[in-house]
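The values are calculated or read from the model by the stated rules, or taken from the named source; none is laboratory data. Keep in mind that this is a model prediction, so the values were computed, not measured. For neighbour counting, all protein chains shown are included, and Cβ atoms are generated from backbone atoms with ideal geometry for every residue, glycine included. Calculation scope for accessible area: heavy atoms of the full protein, side chains included, ligands and nucleic acids excluded. Shrake-Rupley method; radii C 1.70, N 1.55, O 1.52, S 1.80 Å.
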Amino acid sequence: MIALVTRMTADVEQLWLTALSQKLPGETIIPFRDLDEASREKVDIAVVANPDPADIAQLPGLKWIHSVWAGVERLVGELGKSRLPIVRLVDPQLSRTMAEAVLAWTYYLFRDMPAYAQFQRQRVWQQLAYRRPEQVTVGLLGLGALGAASAARLKEAGFNVIGWSRAAKSLEGVETFHGEQGLDLLLSRSEILVCLLPLTGETKGLLNGTRLSMLPKGASLINFARGPIVVTDALIAALSSSAMKHAVLDVFDVEPLPADNTVWDHPAITVLAHISAPTDRETAAAIVAGNILTYRETGALPPTVDLARGY
């Protein structure tokens, strides 16, 4: 039996239940809230979206957990001590969606959209100098599936793309760096810096004042990863001093971003509501179902999260 364990509203959870049931007609899938005590003992797989750890603890026969999200730092933080295998969503559609967003907001910065919006508010008729994409260096932090797809889209658009990862990686047509020294080199050259890193103990606070100061003067930041990777006060200081030009932020330390947070009103910050790469319910359900069917047939788990690394 499969339990669907989420903190979604009942209406949204029902949409996921329908999508999963269509892909797994031979399985019994029941929302946790509808499970009686006897049924909870029969559950061996949990499909989850930010589940309450107390609910997971009430499934004594649980063998593994499949998340419908790509990010799993919250799951690892709340459930890691249970040592249950956790499978995160790896969806090519998610990579395509993220690459689309990276390209769109890179164009937003590259073509000086924030400046032209400010000119409009000030009723100023002014034209800024144009540079070709190949004259602009975009640095990617994170070269996993999302980073690789984003790099390809940026290269197709003509940008000079460089990338950094914790361990050495290679991407065709992209100069890559790794390790601490490599990070410093990438930052020093990135006119537009795109953050796609997972949130781990190593990446929390990674983009602090010291590292942001390594960027070329007038550089911009796109953070589509997790809020705590960027030290907000340091970013605001860099923007307010004009050391940096603009930041596009889709993720924050607290979400939803509180209405009284000063970030909303900063003239050099574009606030997005965590919209860069929403999960596609249909493709995600198909991938989750495929992993479960393979497990039923072979007993083999899909790749699981490294609980020590956090992803």
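Residue check: is residue 200 of a type in the set (S, T, N, Q), under 18 Å from the mean Cα position of the chain (by Cα) and farther than 27 Å from residue 115 by Cβ?
Values: of a type in the set (S, T, N, Q): yes; under 18 Å from the mean Cα position of the chain (by Cα): yes; farther than 27 Å from residue 115 by Cβ: yes.
For residue 200, the condition - of a type in the set (S, T, N, Q), under 18 Å from the mean Cα position of the chain (by Cα) and farther than 27 Å from residue 115 by Cβ - is met.
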Selection within the stretch 222-237 - open to solvent by 50 Å² or more (accessible area, probe 1.4 Å) and assigned to a loop (DSSP other than H, G, I, E, B): 226, 231
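Quick one: in the stretch 1-26, which of the residues that are of a type in the set (D, E, K, R) and surrounded by 16 or more Cβ atoms within 10 Å (Cβ to Cβ) is nearest to residue 74 (Cα to Cα)? Explain how you work it out, then say what you get.
Within the stretch 1-26, the first condition is being of a type in the set (D, E, K, R), and the residues that meet it are 7, 11, 13, 23.
This time we only want the ones that are surrounded by 16 or more Cβ atoms within 10 Å (Cβ to Cβ), so: 13, 23.
Working: 13: 19, 23: 27 Å.
Selected residue: 13.
If I filter the stretch 171-218 down to residues being among the hydroxyl-bearing types (Ser, Thr, Tyr) and touching a residue at least 24 places away in the same chain (Cβ under 8 Å), which single residue comes out as surrounded by the most Cβ atoms within 10 Å (Cβ to Cβ)?
Step one: filter the stretch 171-218 for residues among the hydroxyl-bearing types (Ser, Thr, Tyr), giving 176, 188, 190, 200, 203, 210, 213.
Next cut, touching a residue at least 24 places away in the same chain (Cβ under 8 Å) only: 176, 188, 190, 200, 203, 213.
Details: 176: 18, 188: 12, 190: 24, 200: 18, 203: 21, 213: 14.
So, considering only residues that are among the hydroxyl-bearing types (Ser, Thr, Tyr) and touching a residue at least 24 places away in the same chain (Cβ under 8 Å), the one surrounded by the most Cβ atoms within 10 Å (Cβ to Cβ) is 190.
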Residues of the stretch 115-166 classified as open to solvent by less than 10 Å² (accessible area, probe 1.4 Å), closer than 12 Å to residue 192 by Cα and free of Cβ contacts under 8 Å to residues at least 40 places away in the same chain, total: 3
Qualifying residue in the stretch 65-78 (condition: free of Cβ contacts under 8 Å to residues at least 24 places away in the same chain and either surrounded by 19 or more Cβ atoms within 10 Å (Cβ to Cβ) or touching a helix residue (DSSP H, G or I) at 6+ places or on another chain (Cβ under 9 Å) (or both)): yes
Subset tally (residues that are among the hydrophobic types (A, V, I, L, M, F, W, C) and within 20 Å of the chain's Cα centre (by Cα)) for the stretch 264-296: 10
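Taking residue 196 as the residue in question, decide whether it is of a type outside the set (Asp, Glu) and in contact with a Cys (Cβ under 6 Å, 6 or more places away or on another chain).
On the way: of a type outside the set (Asp, Glu): yes; in contact with a Cys (Cβ under 6 Å, 6 or more places away or on another chain): no.
It is false that residue 196 is of a type outside the set (Asp, Glu) and in contact with a Cys (Cβ under 6 Å, 6 or more places away or on another chain).
For the stretch 239-249, does any single residue satisfy the condition of being in contact (Cβ under 8 Å) with a residue 24 or more places away in the chain, in a helix (DSSP H, G or I) and open to solvent by 20 Å² or more (accessible area, probe 1.4 Å)?
Step one: filter the stretch 239-249 for residues in contact (Cβ under 8 Å) with a residue 24 or more places away in the chain, giving 239-240, 242-249.
If we keep only those that are in a helix (DSSP H, G or I) as well, we get 239-240.
Next, only the ones that are open to solvent by 20 Å² or more (accessible area, probe 1.4 Å) stay: 240.
Yes: the stretch 239-249 contains one or more residues that are in contact (Cβ under 8 Å) with a residue 24 or more places away in the chain, in a helix (DSSP H, G or I) and open to solvent by 20 Å² or more (accessible area, probe 1.4 Å).
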